[in-house]
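Only one structure is covered here, and it is reproduced in the block below.
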Amino acid sequence: MQILEQSQKAAAGFATRLPGAAGSKIAANDPRWQLALRIAASGTLGRSQLLSDFLLYIVDRSIQGRTDQITEQQIGVIVFGRTKDYDSNDDNIVRSYARKLRKRIDEYFATEGREETLKLEIPRGGYMPIFSEQTTAQDGVTYSPAVPVPASAPDFGSDRLKTDVSTTSSPRPVLTLWTTVRSKIRLGVLPGLFFGIVLGMAATFLLSERPFFSRQDAGLHLFWKQIFDKDRDTFIVPSDGGLVVMQRIIDRPVPLSTYVNGSYKAPAKIGDAPNSAELVKLGNRRFTSVVDLDFVAHLAQLREVVPKRMMIRYARDLRMDDLRTGNAILIGSDEANPWLELFRPQLHFCFRFEADPEKPSGFANLYPRPGEAAIYTTKGQENRTYGIIAYLPNLTNSGHVVIVAGLNTAGTQAATAFLLDPSSMTPTLRRAKNARGDLQPFELLVTASNVATNASTPSLVLERIGLPQEH
């Protein structure tokens, strides 16, 4: 049996991150704690600090006998930094991450932890970790199910392959097959068998590994393969419609720092605005756009999607850690999705909101070239809308972020339609490839007619290849 080394990697700083955690106080030889450390430090958790802290917190409290602290409310406050009076009915971040953690623990025991003799589970309906002993399979021994031989099978004589493989504990069927094959070489069986195997392998490779794409589809396929990575989570983040309405009423933007800690919903932040009590309620509601949901539905159907790695997060539930370790698709303008604020330094086209109706709001062209406007706005042309598409590195340059945003619902619709259309995206994707064939960051400003909040066929206005500092 393989001996797994004890790991302290995931425990580093755990006691300081989570108040009241025992951390190093737990006996070093406690197998439950050591198992939790191995899972938390494994590649299966995808380098997610929040998932690691979640796991270590509930195991820590369980070992200490402080099971009364393993509740959704306590986990939300201690692990996810929610305020003590937050409403878990409106904020389901703990339940969302618990589903993800259960899935990753199952993956761990199916891959990296398949040799573990102690198993950890978090039963649905609660967050209490359960430990149990499990029996591992014998090293190097695998058995195939019995394969019946059809009545029309050729007679290979006394060395005929035995089919009752599932009832034997020896490798004799394999040896018998080899004896049969060897004895039939001079009869021409082996050349035919070899030729059939080669054809089968070639067909499998061509059909499963090398799907056929048109030239237009191939470029977009490579793009989506960068976003949907089997080794990294991809977070799809629709816009926060309630936040937009709230900001328009109080005539002041909500910065990311205020949005993350939830303090923008406090009455003190709203001040003496009319119907302030109703605004507080609005700040706690979860609204998003039908356009965003339609886009998410289309994304889920892409052939490049890795279902177990695609995570849909409401904007209020996203965490900085997600944008450090994962890929992301952020939908909506800065008003609707404050997370875009983190990527402003990498953008050529930036949303600018003006509370003064005399001043135009729109996409500012931060580095205009000759003949280009400094701002693209709907002011004075209400039947026109604009949207942007940006492909950027994530916060640690280890993954990718796609921003799909519009000045309004129609603008977002125009941007999503453009992004999903191979004929529209192919020219940019070709130009964005460098000499090594890697895809460089790029930004697109698109426009469309706005008819009753619906966008017509979008067209490209401006294109930028590379990050701003590269110009």
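Couplings 3J(HN,Hα) for the range 47-60, derived from phi with the Karplus relation 6.51 cos²θ - 1.76 cosθ + 1.60 (θ = phi - 60°), are 6, 8, 5, 5, 5, 4, 5, 4, 4, 5, 5, 5, 5, 4 Hz, where x marks Gly and Pro. Normalised radius of gyration (Cα atoms, divided by 2.2 N^0.38 Å) for the range 395-471: 1.20. Among the listed pairs LYS308/LYS433; LYS103/LYS308; LYS100/LYS230, those with a Cα-Cα distance over 18 Å are LYS308/LYS433. Calculated on the alpha-carbon coordinates, the convex hull of the range 14-133 measures out at 100 cubic angstrom per residue. The label point for LEU366 and the one for GLN226, both projected 7 Å from the Cα toward the Cβ, are 1.9 nm apart. Remark on HIS400: its backbone amide H falls under 5 Å from those of ASN327, ALA328, ASN394, a criterion applied only to residues 5 or more positions apart or on other chains, H modelled at 1.01 Å from N.
A cut-off of 5 Å between modelled amide H atoms, ignoring neighbours fewer than 5 places along the same chain, links LEU462 with LEU445. A simple packing score, the average count of other Cβ atoms within 10 Å per residue, orders the peptides 368-379, 435-446, 317-328 as 317-328, 435-446, 368-379, with the highest score first.
Distance between the C-alpha centres of the range 280-353 and the range 45-74: 27 Å, rounded to the whole angstrom. For the range 353-424, the Kirkwood radius over C-alpha pairs fed into Stokes-Einstein at 10 °C and 1.306 mPa s yields D = 114 µm² per second. Taken one residue at a time, the phi angles of the range 406-415 give Karplus couplings (6.51, -1.76, 1.60, θ = phi - 60°) of x, 5, 7, 4, 5, x, 5, 4, 5, 5 Hz. Gly and Pro are set to x.
Protection proxy ranking, highest mean first, for peptides 119-126, 330-337, 224-231, 36-43: 330-337, 36-43, 224-231, 119-126, where packing is the per-residue count of other beta-carbon atoms within 10 Å, averaged.
Using the average count of surrounding beta-carbon atoms within 10 Å as a protection proxy, the listed peptides 405-416, 298-309 rank, highest first, as 405-416, 298-309. Amide H contacts of LYS119: SER132, GLU133, GLN134, each under 5 Å away and 5 or more positions distant or on a separate chain (H built 1.01 Å from N in the peptide plane; Pro and chain starts excluded).
Every read-out reported here was derived from the displayed coordinates using simple, explicitly stated rules and does not represent laboratory data. As the structure is a computational prediction, the values presented were derived from the model and not from experiment. Positions of Cβ are backbone-derived with ideal geometry, glycine not excepted, and every protein chain shown enters the neighbour counts.
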